[in-house]
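The values are calculated or read from the model by the stated rules, or taken from the named source; none is laboratory data. Quantities reported herein were computed from a predicted structural model and do not represent experimental measurements. Neighbour counts are summed over all protein chains in view; Cβ atoms, including those assigned to glycine, are modelled from backbone coordinates with ideal geometry.
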4 protein chains.
Amino acid sequence: MIKAGIVGGTGYTGIELLRLLSQHPQVELAAITSRQEAGTAVSAMFPSLRGRVSLSFSHPDKAPLKNCDVVFFATPNGVAMGEARALVDAGARIVDISADFRLKDVAEWERWYKVKHAAPELVAEAVYGLCEVNRDRIRGARLVANPGCYPTAVQLGLLPLVEAGAVDLDHLIADAKSGVSGAGRKAELKLMHAEASDNFAAYGVAGHRHWPEIRQGLAQAAGREVGLVFIPHLTPMIRGIHATLYGRITKELDFQALYEKRYAGEPFVDVMPAGSHPDTRSTRAANVCRIAVHRPRERGERGDTLVVLSVIDNLMKGASGQAVQNMNLMFGLPETAGLEQVSVVP
Amino acid sequence: MIKAGIVGGTGYTGIELLRLLSQHPQVELAAITSRQEAGTAVSAMFPSLRGRVSLSFSHPDKAPLKNCDVVFFATPNGVAMGEARALVDAGARIVDISADFRLKDVAEWERWYKVKHAAPELVAEAVYGLCEVNRDRIRGARLVANPGCYPTAVQLGLLPLVEAGAVDLDHLIADAKSGVSGAGRKAELKLMHAEASDNFAAYGVAGHRHWPEIRQGLAQAAGREVGLVFIPHLTPMIRGIHATLYGRITKELDFQALYEKRYAGEPFVDVMPAGSHPDTRSTRAANVCRIAVHRPRERGERGDTLVVLSVIDNLMKGASGQAVQNMNLMFGLPETAGLEQVSVVP
Amino acid sequence: MIKAGIVGGTGYTGIELLRLLSQHPQVELAAITSRQEAGTAVSAMFPSLRGRVSLSFSHPDKAPLKNCDVVFFATPNGVAMGEARALVDAGARIVDISADFRLKDVAEWERWYKVKHAAPELVAEAVYGLCEVNRDRIRGARLVANPGCYPTAVQLGLLPLVEAGAVDLDHLIADAKSGVSGAGRKAELKLMHAEASDNFAAYGVAGHRHWPEIRQGLAQAAGREVGLVFIPHLTPMIRGIHATLYGRITKELDFQALYEKRYAGEPFVDVMPAGSHPDTRSTRAANVCRIAVHRPRERGERGDTLVVLSVIDNLMKGASGQAVQNMNLMFGLPETAGLEQVSVVP
Amino acid sequence: MIKAGIVGGTGYTGIELLRLLSQHPQVELAAITSRQEAGTAVSAMFPSLRGRVSLSFSHPDKAPLKNCDVVFFATPNGVAMGEARALVDAGARIVDISADFRLKDVAEWERWYKVKHAAPELVAEAVYGLCEVNRDRIRGARLVANPGCYPTAVQLGLLPLVEAGAVDLDHLIADAKSGVSGAGRKAELKLMHAEASDNFAAYGVAGHRHWPEIRQGLAQAAGREVGLVFIPHLTPMIRGIHATLYGRITKELDFQALYEKRYAGEPFVDVMPAGSHPDTRSTRAANVCRIAVHRPRERGERGDTLVVLSVIDNLMKGASGQAVQNMNLMFGLPETAGLEQVSVVP
C-alpha cells in the first residue's frame, strides 16, 4: 500500500481527493492537514465521508508527511513552493494540485501570482503532469505539477491540431465555460447561489492565470510561440468545463482521424464520433475528457475554421482525478487504478 | 387605446407578451387565441396572471383578430405565414415573433424551415424588426418580422464593427450561450431540469436556423456577404443569452468610442464601460441589450482579436420586449412605453 | 412626491427597494447610504440599475435622511434601533425592514438577537407592518416594523384558522422552504452555488429568530399563547418561500370559504381555487401571497389535519414589496401604487 | 458471476442500474431491453457509459432474460406484472423497481394504479424489499418488490418511532421534498428546467400513490392501521429526497438512542449526531439514508412533537441502489458489494 498524505484537505480538490483515495485499492490515507481544522474529524466537516474516512485533520507541523510515499498539495497557490523541498529531501514524492510549479518561466510566474517564488530550482525539476503529453517523465518524477482545470480541457482539445501544425498558431481562440467549483471552496459574493445561478457572464477577459499555462503547453507542442485568446465564463453549474476551441485551418487533414489516432489507447480521453456534442455531465465525477471535432460552415458550404468541443469535470480530470492518475504513473500502478468511477448521470 | 390580439398565447413569448401588454398604458388586450386551450381562462393556465388578465383563450377561428389594431404572432414557425394576409387586408398590423418573415431569400428560408412558404409576397413587404437598424421603416410597416433571440444579441454586438469595416468579415465567430426558455415552452427531453441543469453543451454546430438570419443582417450592414461561425450552447438558466463575439481587427479604431457613438441615444442598448463583464441577469425581465468591448492579449502584449460581450433576456429584447418596442414604433407611441421594467436582480 | 431615503442599500432588500422605488410614480429617491460604498454610483455596483438610478451611495453621516419623508432601513439587525430616534424626532417616518422593532417583548428580543436593545421605548410605539392585520394602525404610524419573510408567509397562511379558533392552537406546524436570497447578500459558505444548488436541507431546527415573531403574531390573533413547530429549509432557488402549514382541526368549517372571506378585497393576498398547488414562481418579483387550502386523507377517507400552502417572494411581500405597501398606507397613497409588477414567469 | 438482465433500461432507474452493475465485481450484464431502442448501443444513448457498457438494447422478445440469474424491472408501472410469471417459472429471480408488487391489497393497488392487476398470486409471494425490515425474507425471495423513493425515506425515518409506539399513530405527517429525477426520464412540462428550476411547489396533495405504500409499511410495523398526511413537493434539484417527519410524542424515550440502536450495524442507514441537519447531497450517488432526530420547542421550553429528518438519493437508496442491495441479499453476496460509492460532493 502506498502511504498518501494530503496538505490542505478542506477545499474542493481536497474532498475530491478524499473521495478517490478512500476507494483506491492500493492507497492508505496516512495524513491530512489543515491549520484551521486541526483535530476535527474529516467526516464531521464532510458528512458525505461518514463511515469512509476515519482520519482527523492534523496540524501541518505535526502530520507525518515525511513518512508518506506521496504527498498531494490541495492548497491555495503559494503553499507548496515553501514546503516541497523538505518533503522531497525526505524521500516523499509530490503531486502539487496548486499552480506553484506549473510555469517554467519563474519571472512569468511571479508576474501572474504576484509573489516571489520560494523554490525556483524545483520549478526546473518539476514535471508538468499532463499525462497524455508527459507520461514517461511523470513516471520518474519526484515532483509533479498537476495542470489547471482550464489548461487540461484546452490543451487536450488543441494538442492534435497544434502538434500537426494544422491551424494558424498565432490566433487560437479558447472560449471556456466553467462551473463554480473551479473557483474553490471559498465564500465569495459572485459565487453565491443567489448571484451565480440563473446567470451567465465572462470574467477575467483582460488576463487569467491559466492563459500563460496554456500557451506554455501549446508552445512546447508546437515548437514555437503561439497566440491565444482565452475567454473564461462562469456557468451556473457545480462541476464541469466546456471549452469551445477555434482554429483557422492552414493544412487540410482528416481531422477526425487525427484526433482518434492521437488519443488511441488513452484511457481517459474519449474522442467522440463526428458530429457529437459532448455535455459536461457525461464527465461528472469521472476522470475523463471527451472531445468532438467539427468543421461548420462560414458562408455557402465552405468553412475554414475548425471547432473543437472539449469537456471535463474540473475536479476530476481537471484536478484531483488527474492527480491520482499522476500518482498511479509515479508508482507503477495501473494508470486507471482507483479511477474507474462511471459518470453520474442524471 | 390600441387593441391588441395575440395568436398562440400559450408559449413563453405569449406569456411574456401578456405580462408586458397587461401593464402597457396604451394597450387594451382584445383577444388571445389557442386552439387547444380555447375557453380556458388565461389566468387558470398561468396563475402568475391571476388578477391581471381576465381574458380567456379563444379559438383562432372565433377571435376578433381582424378588429385589432395590432396582432402579435407568438406561434410556432409556419403559422403566421398562413394567416397574415387576411389580417393585413383587414387593416390589422402585424408583429410576427416567429421566424416566418425574417429571411428575405424565400428559397433559403424554405431550406432551413423545410416547408414551402405560404406568403412569399409578404416576405418582400415585411420589415425586419431590429429597431436599432430599421427604426424608420418599422414606423410605417404593416408587417414586422421580429428578430430571433440569438440574432438580436449577435447583430447588436457586431453591427458597429461590421458597419465600420473594422474586422475581417470573412471569419466572424459568435460563441453564444442561451438559457432554456429560448427553446420554447415544450416538453423536450434535453430541456428537462434533470437533463439540462448542472450541465452545459453545444448544439446545432452543423447548422442552426439563426445562422442565415444573422448573416443576412450583417451582410446588409456590410454591403457584402460575410462569413460567420455560429456555435450555440445550452446553459442551465431560464432566461438570458450571452454572445461572445470574435473578430480579427483589420482597421485600428477607438472601439469603445465606436460603440458608444453607434448606440448613443438608443433607449435599449447599453454600452458598458471599458473592461466590463455584463452578466445576463442584469437584463433579466428587462428590454435591454448590454454590450462590452474588449481587446485581450494573444501573445506578449499584443492582440489582434476584438472580443465583444453582448447580453440580453431572450424573452424580452430577444422576443416579446422587442415586439412591444416594434409596436410602439408602428403606432407612434414613445418607444419605451410599457417597457420600463427594471431588471430583476437577484 | 414623497422623498425617500434608504439606509444600507447594498443588500438584497436594498436593491429590491431601489427597483421598486425607482419606478414608483409618487416617490423621489433622495438618498441611499452605505458606509463601505460611499461615493460609488449605485448603478456601478448594480448594473441592472444603469440608466434607472442616478444616485451614488452617501456616507450615513452625510446623507440628508432627516429631510426625507420616509426612511427605509435595509440594514442588518441592530442598526435601525440606534438611528431611528433622531429621524423620528426630525419628522421622518420609518419603515424598518430589519428585525429591530418586530418583537414587543424586549427581553425576548434581546435573547434572540443577543444584544441590548437601544430603543425599547420605540418598540412600544412601533406598529408591526403586516398590512392585512394592522392596516389602520399603519396609516398613522411613525415607525413601522416590517415583518420578516417567513413570518409573512406563515402568518398569512394561518391567520384565518387562528382567528376562527378552528385548529389546535397548541400544536401548529410550519414546514417552510426558502430560496437563498432570504439569507441576504453575504458571502457565506453554505449559500454558495457549489454548496446550495442541487441540494436541500433543513436548518435552525433548534431555534430560529422568526419563531418568536410568528408566535407573537398568532398569539395576538388568537388572544392566547400558541404552540408552533417551525422548521425552515434552504431550497436551491434565488427567491421564494413556500410554507406548508399543518393544523389539527378542532372546529368544522367551510375552510375554503373562511379564507376567501378573510382575504376578500385584499389586493395582495390571493386565495386560490380549492385543490390548487401555488408555486413560488407565480409570485416571483411581485408583491403577492398566494394561498391554497387542502384537507387530505389520513386514513380511509378521513382527515383531521388541515394543510395550507402559502407562497411569497421573500424579497417582495416578504420584505421590500411589503415595505412599499406600508409606505403607501402611511402616506395615504393607493395601497397598490408602484406595486403592480406582474410575476416574472418563466 | 451473476448474470443480470434489465428490462426497460432507458429510464433513470435503468441508467443508474447500468452505472452500478457495470462496476459490480460479481455481476455480468447479460441483457438490457428496450422496445423503442432495440439495436441501439447503450453507450450511444448514454455517452456517460462510453467504454463502460458494450451492450446494445435488445427487443424484449429476443432478450435472453430467462437465462439470467436475476432480472431487474426498470419499467413503467404495469409491465412487470405481465412478464414476471414466465421469468420466475424459468428460474430467474426478479427485483421489480416499479410499483407492481408493492401493495399487498390488490384491490387497493388497482384503485391507485387504475388498471387490473395481471398477477395477483405473485403479489402474495412478493417480498417488499426494504432490507432494513425484511432482510431475511429477501434472502429467500424469488420476487422482490423494490420500495418507492418516498416510501424508503419516510419509512426509514419513522420506523423506530412506530415500532416503539412512541408517537400518535393516527396523525403522522410526512412533508417530503423530491428532486425532479424522481418523476422519471420523461418529457413533461412541469419538469422542464424553465418550469422547475428556481421554483418550488407541492403536488398531489389530494392523493399520491406512495401514500398507501407508506401506510402499509408503517401499519405492519405498528401492528395496527396508521393515519398519515403525506405532502410531496417538487424541488429544483436533480436527485435527492428530504423527508421532514412529524409525530406527536406519546411515550417519553431517549429518541436519539432509539434510532442509534434500531439501525446499529445497518450498512446503509446513518443516524447522525443529535442536532444534525443532513443535506441531500451527502447522499448524492451513494446508497445511504441519513437520519437526524430533533425535538424542537413549541412554546416556552416545551415540545411535544418529534421531528425526524431523513434524506436519500432517490435513484440510489430510493431505487437502483436498493435494488442492487436486494440482489446482493438474494444471492448471498456481501450486502455492500458494488455499493461502496462515496457521495459526490460538491
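Of note, residue C:247 does not satisfy the criterion of being farther than 25 Å from residue C:305 by Cα and either more than 10 Å from every other protein chain (Cβ to nearest Cβ) or crowded, with 23+ Cβ neighbours inside 10 Å (or both). Which numbered condition trips up residue C:96, out of (1) under 30 Å from residue C:250 (Cα atoms); (2) surrounded by 24 or more Cβ atoms within 10 Å (Cβ to Cβ)? Checking residue C:96 against (1) under 30 Å from residue C:250 (Cα atoms); (2) surrounded by 24 or more Cβ atoms within 10 Å (Cβ to Cβ), the one that fails is (1). Out of all the residues in segment C:269-280, is one or more in contact with a His (Cβ under 7 Å, 6 or more places away or on another chain) and surrounded by 24 or more Cβ atoms within 10 Å (Cβ to Cβ)? The answer is yes, given that some residue of segment C:269-280 is in contact with a His (Cβ under 7 Å, 6 or more places away or on another chain) and surrounded by 24 or more Cβ atoms within 10 Å (Cβ to Cβ). For segment B:1-42, filtered to residues that are under 19 Å from residue B:318 (Cβ atoms), within 13 Å of another protein chain (Cβ to nearest Cβ) and among the hydrophobic types (A, V, I, L, M, F, W, C), the residue that is surrounded by the most Cβ atoms within 10 Å (Cβ to Cβ) is B:17.
Taking segment B:191-226 only, how many residues are basic (Lys, Arg) and either at the interface with chain A (Cβ under 9 Å from one of its Cβ atoms) or surrounded by 20 or more Cβ atoms within 10 Å (Cβ to Cβ) (or both)? Here the count works out to 1. In segment B:320-329 there is no residue matching the filter, namely being β-branched (Val, Ile, Thr), within 13 Å of chain C (Cβ to nearest Cβ) and under 19 Å from the mean Cα position of the chain (by Cα).
The criterion of being more than 10 Å from chain C (Cβ to nearest Cβ) and touching a residue at least 60 places away in the same chain (Cβ under 8 Å) does not hold for residue D:171.
Evaluating residue D:194 against the criteria (1) touching a helix residue (DSSP H, G or I) at 6+ places or on another chain (Cβ under 6 Å); (2) in contact (Cβ under 8 Å) with a residue 60 or more places away in the chain; (3) assigned to a helix (DSSP H, G or I) leaves one unmet condition, (2).
Let's see how each residue does on (1) within 14 Å of another protein chain (Cβ to nearest Cβ); (2) closer than 29 Å to residue B:280 by Cα; (3) touching a helix residue (DSSP H, G or I) at 6+ places or on another chain (Cβ under 6 Å); (4) charged (D, E, K, R):
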residue: C:45; (1), (2), (3), (4): yes, yes, no, no
residue: C:63; (1), (2), (3), (4): no, no, no, no
residue: C:86; (1), (2), (3), (4): no, no, no, no
residue: C:95; (1), (2), (3), (4): no, no, yes, no
residue: C:102; (1), (2), (3), (4): no, no, yes, yes
residue: C:114; (1), (2), (3), (4): no, no, no, yes
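Of the set (1) under 14 Å from the mean Cα position of the chain (by Cα); (2) surrounded by 24 or more Cβ atoms within 10 Å (Cβ to Cβ), all apply to residue D:133 but (2). Is one or more of the residues making up segment A:105-114 surrounded by fewer than 15 Cβ atoms within 10 Å (Cβ to Cβ), more than 22 Å from the chain's Cα centre (by Cα) and assigned by TED's automatic domain parsing to the domain that holds residue A:37? Checked segment A:105-114: at least one residue is surrounded by fewer than 15 Cβ atoms within 10 Å (Cβ to Cβ), more than 22 Å from the chain's Cα centre (by Cα) and assigned by TED's automatic domain parsing to the domain that holds residue A:37.
Candidates C:318, C:300: the one that is within 29 Å of residue C:171 (Cβ to Cβ) and touching a helix residue (DSSP H, G or I) at 6+ places or on another chain (Cβ under 6 Å) is C:318.
Which one is surrounded by the most Cβ atoms within 10 Å (Cβ to Cβ) among residues in segment B:293-304 that are more than 8 Å from chain A (Cβ to nearest Cβ) and not basic (Lys, Arg)? Out of the qualifying residues, it is B:293. Listed conditions (1) in contact with a Ser or Thr (Cβ under 7 Å, 6 or more places away or on another chain); (2) touching a residue at least 24 places away in the same chain (Cβ under 8 Å); (3) within 11 Å of chain C (Cβ to nearest Cβ); (4) within 29 Å of residue A:338 (Cα to Cα) are all met by residue D:309, apart from (4).
Figure legend. Inter-residue proximity from segment B:244-261: first residues over 15 Å from residue B:292 (Cβ atoms), second residues among the polar types (S, T, N, Q) and surrounded by 15 or more Cβ atoms within 10 Å (Cβ to Cβ), beta-carbon distance below 6 Å, spacing 6+ or different chains. Indicated pairs: B:248/B:305.
Does residue D:334 satisfy the criteria of being under 23 Å from residue D:162 (Cβ atoms) and either within 9 Å of chain C (Cβ to nearest Cβ) or at pLDDT 95 or above (or both)?
Considered against the rule, which asks whether it is under 23 Å from residue D:162 (Cβ atoms) and either within 9 Å of chain C (Cβ to nearest Cβ) or at pLDDT 95 or above (or both), residue D:334 comes out as no.
Do we have residue D:185 as within 14 Å of chain C (Cβ to nearest Cβ) and either in a loop (DSSP other than H, G, I, E, B) or of a type in the set (Lys, Arg) (or both) here? So residue D:185 fails the test. Would a scan of segment C:144-158 turn up a residue that is surrounded by fewer than 24 Cβ atoms within 10 Å (Cβ to Cβ), aliphatic (A, V, I, L, M) and either in the same structural domain as residue C:24 (by TED's automatic domain parsing) or modelled with pLDDT of 95 or more (or both)? No, the conditions are met nowhere in segment C:144-158.
Scanning for something modelled with pLDDT of 95 or more and closer than 25 Å to residue A:234 by Cα, does segment A:324-331 turn up at least one residue? Spell out how you get there, then give the answer.
Kept after step one, since they are modelled with pLDDT of 95 or more, are these residues of segment A:324-331: A:324-331.
Next cut, closer than 25 Å to residue A:234 by Cα only: none.
No: segment A:324-331 contains no residue that is modelled with pLDDT of 95 or more and closer than 25 Å to residue A:234 by Cα.
Please go through segment D:244-270 and pick out each residue that is aliphatic (A, V, I, L, M) and over 25 Å from residue D:302 (Cβ atoms). Break it down stepwise before answering.
Filtering segment D:244-270 down to residues aliphatic (A, V, I, L, M) leaves D:245, D:249, D:253, D:257-258, D:264, D:269.
D:264, D:269 - these are the residues of segment D:244-270 that are aliphatic (A, V, I, L, M) and over 25 Å from residue D:302 (Cβ atoms).
Please verify whether segment C:120-128 includes one or more residues that are buried (at least 19 other Cβ atoms within 10 Å of the Cβ) and either polar (S, T, N, Q) or assigned to a strand (DSSP E or B) (or both).
Narrowing segment C:120-128 to residues buried (at least 19 other Cβ atoms within 10 Å of the Cβ): C:122-123, C:126-128.
Those left that are additionally either polar (S, T, N, Q) or assigned to a strand (DSSP E or B) (or both): C:127-128.
Yes.
Among all positions in segment B:272-289, there is at least one residue which is away from chain A (no Cβ under 12 Å) and over 22 Å from the mean Cα position of the chain (by Cα).
Among the numbered conditions (1) in contact (Cβ under 8 Å) with a residue 40 or more places away in the chain; (2) out of contact with any Gly (no Cβ under 8 Å at 6 or more places or on another chain); (3) under 26 Å from residue B:16 (Cα atoms), the only one that residue B:287 does not meet is (2).
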